Structure formats: structure tokens, C-alpha cells
Amino acid sequence: MSQRLLPIVIVGARGRMGTTLIRNVLESDDLALVGAVDRTGAPGVGQDAGILVGLPPVDVTVGDRINARPGTVVVDFSLPESTERTVERCVEGGLPLVLGTTGLAPATRSRIEEASTEIPIVYAANYSVGVTLLTRLSALAARALGTDWDAEIVELHHRFKRDAPSGTALRIARAVAEATGRGEDAIVTDRTGRSTPREPGEIGVAALRGGASVGEHTLMLLHPDERIELTHRAYDRSIFARGALRAARWVSGKAPGLYDMADVLGLSELA
Ligand code: NAD
């Protein structure tokens, strides 16, 4: 029975997402936690991963480097500074990677693309099934309505979130741009100091920060006479953990490539 469990390593182990992921892995009946990794010197390193998340000990000590056998899937929700190190380690070990860290620099994104010629990588700015669907619906709606309708995105996240706007808001903006034949330069994240009206075709993105919101995203499609709003609200970060672990099951044994959550859900082939 235990031989059929899929081995998982969690990177960013003591973070908000890391602890949720560890709990979800330990509570699943088809996954086995074989490693938990955090920053060198971080509190929690050296502790049992079960105890770290408030459960009984599981005989997995939180370490500061990925050390895993082939066949193990690495799930990394940590900080952009650690992403390249995780990617290198996965390439060295031939380990599939599910990456959730947002706010990545362009150079890190290029490295991920390069690495995906050697190992399978799922990278999604948002692992929620609902947001994946919202992104697809946004593209469909924007395409159907055309650029005559103004597209504006507003997002709200908890006071501790570091990057703004959220990776998800940018992903929705890109999906709208792509679906309507616009480039990334249509996306506007700051209108401070402008003294001109909204440019036709621009896609505005506004970020709100505060409280404990797990994440809310709304795409507004605005016409002078009517308006459509598509909203997703996350109430618990376990939705991201469940989605990421669904991606981990899916990516195990896949060919090298860069995949996203739409691939995991089989939505990629839909227009
Ligand atoms: P957090 O600050 O609570 O946790 C980050 C963890 O990473 C901390 O434990 C930190 O010590 C650890 N860390 C830092 N440097 C490290 C290193 N070199 N090696 C290993 N671990 C290291 O953050 P969080 O709220 O858990 O979010 C983590 C990341 O996941 C953020 O980028 C966030 O935006 C992203 N996120 C993505 C999704 C998604 O669906 N893609 C959902 C939620 C959060």
C-alpha cells in the first residue's frame, strides 16, 4: 500500500502555504510527505514537520535543502529568492516541480522555461480551480464583447502580501489581452500623475491590501450602458493547497514541459 503513495517534498515549509500543504499531504491517503524544506536558520528547521503544523510527529525533519529520490514531486511555495535554487535542484535530480511562488523576476521566469525542457514544471500564479476557470471565462467574455468594452481588474489581498498587483490579476489581464489581440503593453498598473483620460484598449489593474483576505479578483467589463463583473473570492488558502496537490498528482510521470493549471484541469483545449 505505502509503495503506491506519491512522495512529496514541500519547500517553504513553515510559511502560510507550506504549513497548509504539509497538513493536506499528511491528511491525504495517496501522498507521502518525504521532505520539508525552509530557509537556512529559519525557525522550524530541525523540527519534525508534523509538529511544525500542529499534528503528531511524522518522522520527517524540516531541512534547508531538497534531498529527494527520483519519482518525488517537489512543491515550492516560498519566496522568489529561493526559486532558482529549487529549479536547479529539481533539474539535477530529474524531479517534477509544482511552483506556486509569485512575484518572480523575468530572469527567473526564463530559467524556469529553460529548465522545463528537462523536467516537467507546473507553474500557476493561482492554483485555485475557481480562479483557473475565472481566467478562462474572462478571456471568453472579453473576446465576445470586443475592445469596445473597457476591461478593468481589481484585486484584494491580506496585509502581508509582498507583490502587487497579484500574479493572478496580471494573469487575468494577460488572458484578456491575448483573447482580444492586444499586447502586454495594454496592461496599466499605475495611473498616478496622469492627466489624460483612459486610453481606449488599455486594461487597468488595481491592487488593494489589508486585513486577512485570502484573495479576491474581479474583472469588470464596462460599456457606457451596461457592465459585467466576474468575481472569485477565496475564503481559505487550502483551495490553493488542494489545487497544487492535484497538480502534483497530475505532473508525476509527465514529459518535460511548462504546464499551468488549465493543463491540469484539461481546460487548455477550450477556446
Ligand atoms: P510566507 O511568507 O508565509 O512563507 C514563505 C516561506 O518560505 C517562509 O517559511 C520562508 O521562511 C520560506 N523561505 C524563504 N526563503 C527560503 C528558501 N531559500 N528556501 C526555502 N524556504 C524559504 O508566504 P506564503 O503566504 O506561504 O506564500 C508563499 C508564496 O506563495 C508567495 O510567493 C505567495 O504569493 C505564493 N502564493 C501562491 C499561490 C498560488 O496559488 N500560486 C497561492 C498563495 C500564495
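Take the chain with all the other protein chains still there, run a 1.4 Å probe, and you get 49 Å² of accessible area per residue. Taking a ≥ b ≥ c as the square roots of the Cα gyration tensor eigenvalues, with a/c under 1.5 meaning rounded and otherwise prolate when a/b beats b/c, else oblate, which class fits segment 12-94? Here segment 12-94 falls in the oblate category. With semi-axes defined as the square roots of five times the eigenvalues of the C-alpha gyration tensor, the equivalent ellipsoid of segment 129-234 measures 21, 17, 12 Å, largest first. As a test, work out the antiparallel percent of DSSP beta bridges whose residues both lie in the chain, rounded to the nearest 5. That works out to approximately 35 percent antiparallel.
Take every pair of alpha-carbon atoms less than 8 Å apart whose residues are at least six positions apart; their mean separation over the length of segment 1-71 yields a relative contact order of 32 percent. Solvent-accessible area of R198, all protein chains in place: 70 Å² (probe radius 1.4 Å, heavy atoms, ligands and nucleic acids excluded). Shape of segment 71-132 from the C-alpha gyration tensor: oblate (a/c of 1.5 or more and a/b not above b/c, with a ≥ b ≥ c the square roots of its eigenvalues). In the chain, the alpha-carbon atoms span a convex hull of 141 Å³ per residue. Run through the DSSP bridge list for segment 129-234 and note the antiparallel percent, rounded to the nearest 5. Of the beta bridges lying entirely in segment 129-234, close to 65 percent run antiparallel.
The Cα center of segment 83-101 and the Cα center of segment 153-176 differ in position by 24 Å.
Across q = 0.27 Å⁻¹, segment 98-156 modelled as identical point scatterers on its alpha-carbon atoms has Debye log10 I(q)/I(0) values of -1.08, in the order of the q list. Across segment 75-162, the mean sequence separation of Cα contacts (distance under 8 Å, 6 or more residues apart), normalised by length, yields a relative contact order of 25 percent. When E226, E152 are compared by accessible area at a 1.4 angstrom probe, the order from most to least is E226, E152.
Max-minus-min Cα coordinates of segment 1-153 on each principal axis give 59, 33, 30 Å, with the largest extent listed first.
The values are calculated or read from the model by the stated rules, or taken from the named source; none is laboratory data. From a predicted model like this one, the values you see are computed outputs, not experimental measurements. Just so you know, the surface numbers come from the protein's heavy atoms only, side chains and all, with ligands and any DNA or RNA stripped out. Shrake-Rupley method; radii C 1.70, N 1.55, O 1.52, S 1.80 Å.
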